[in-house]
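Here's the structure, in structure tokens; my notes come after.
The values are calculated or read from the model by the stated rules, or taken from the named source; none is laboratory data. Treat the numbers as computed from the prediction; the structure is a model and nothing was measured. Here the Cβ positions follow ideal geometry from the backbone for every residue, glycine too, while neighbour counts run over all protein chains shown.
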Amino acid sequence: MLRALGVLSIMLSACAVPEPAAEADPVAFGGPTARLQSDGQVQIFVPVEVGLPTAQQARDVTDCAAAVSATRRAVQFARHIRTSLSEPVEEGDDADDTGIRTLDAVYTLSEALPRGDFVIDVAVFAETCDAAAEDGLNG
């Protein structure tokens, strides 16, 4: 009987309710910069001043910057190609030692609806990205 109770307590402890997840660290982004490439693509750079963004946070901020850039160029669609996050440059490297991470994203700008899964209808999407425009998108 005691053995059965011991097995039961082990089984119940395996079903314990997990601790609630700690809140994510805050993330703060600097003002985005956009560079139009000769092939109709726009490259977006966003400094990550505080924290480490989730994939969704990175995508949200670069999508907004791409929508603002496309709006300024009177283009209706932007298709996401890629987003990467660079690590801070180590001291002593020849590159600029800013000490912050940078999001680097590429989008194709298009008048016609492009093929692909990650297409932004700029007219619709830009309305939700007023904050990105106020941050002073360059380019």
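From THR62, THR54, THR71, THR98, which residue is over 30 Å from ALA123 (Cα atoms) and either surrounded by fewer than 21 Cβ atoms within 10 Å (Cβ to Cβ) or at pLDDT 90 or above (or both)? From the options THR62, THR54, THR71, THR98, the qualifying one is THR98. All conditions in (1) buried (at least 17 other Cβ atoms within 10 Å of the Cβ); (2) modelled with pLDDT of 90 or more hold for LEU85, with the sole exception of (1).
Residues that are farther than 13 Å from VAL106 by Cα, out of contact with any Asp or Glu (no Cβ under 8 Å at 6 or more places or on another chain) and assigned to a loop (DSSP other than H, G, I, E, B) within region 39-87 comprise PRO53, THR54, ARG73, ALA74, GLU87, listed in sequence order.
Within region 83-102, residues that are over 30 Å from PHE118 (Cα atoms) reach partners that are exposed (fewer than 10 other Cβ atoms within 10 Å of the Cβ) and at pLDDT 55 or above with beta carbons closer than 7 Å, at six or more positions or on different chains, in the pairs ASP97/GLU91.
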